[in-house]
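S.K.: This is the structure, below, for whatever I ask next.
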Amino acid sequence: MPKKTFLSMYGPRKCKICKGNIEIVNGYRDGHNAEPIVKGRCCDACNSSIVIGARLYDLFKNNGGK
Ligand SMILES: [Zn+2]
């Protein structure tokens, strides 16, 4: 077990997509679910610019693509 550091417990988490820090909003620091792009969490910017787009594309592919 790696020793938990102050930063790993209380510091910002890293976005799995852009590797930036996930912004802490009202004490919630987990950001957004980064799937289906990557497994893990991502920041607000990546969620709205990349993840939501990919989900819409998936939806379109599965439902509309005959
Ligand atoms: Zn990001």
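Rule-based calculations on the coordinates, nothing more; no lab input. Given the structure is predicted, the values throughout are model-derived calculations rather than measurements. Note that we place each Cβ from the backbone using ideal geometry, even for glycine, and neighbour counts take in every protein chain shown.
S.K.: Roughly how many debye, to the nearest 20, is the charge dipole of the chain about its Cα centre, given +1 on each Lys and Arg Cβ, -1 on each Asp and Glu Cβ, and no other charges? Before the final figure, lay out the partial values.
M.R.: Details: 12 positive and 5 negative charges, 59 e Å.
Using Cβ point charges on Lys, Arg, Asp and Glu, the chain gives about 280 debye.
S.K.: While we're on this one: What is the ratio of the Cα radius of gyration of the chain to 2.2 N^0.38 Å, with N the residue count, to two decimals?
M.R.: Against the empirical 2.2 N^0.38 Å value, I get 1.37 for the chain.
S.K.: Picking from Ile37, Met9, Asn62, whose Cα lies most toward the positive end of the charge dipole for the chain (charges on Cβ: Lys, Arg +1; Asp, Glu -1)?
M.R.: Looking along the dipole axis, the top candidate is Met9.
S.K.: What are the ³J(HN,Hα) values, in whole Hz, obtained from phi via the Karplus relation 6.51 cos²θ - 1.76 cosθ + 1.60 with θ = phi - 60°, for each residue of the stretch 46-53 in sequence order, with x given for Gly and Pro?
M.R.: For the stretch 46-53, the Karplus curve yields 5, 4, 6, 8, 10, 5, 5, x Hz.
S.K.: Which lysines does Lys4 reach when only Cα atoms under 25 Å apart count, and residues fewer than 8 places away in its own chain are ignored?
M.R.: Cα-Cα hits under 25 Å: Lys14, Lys16, Lys19, Lys39.
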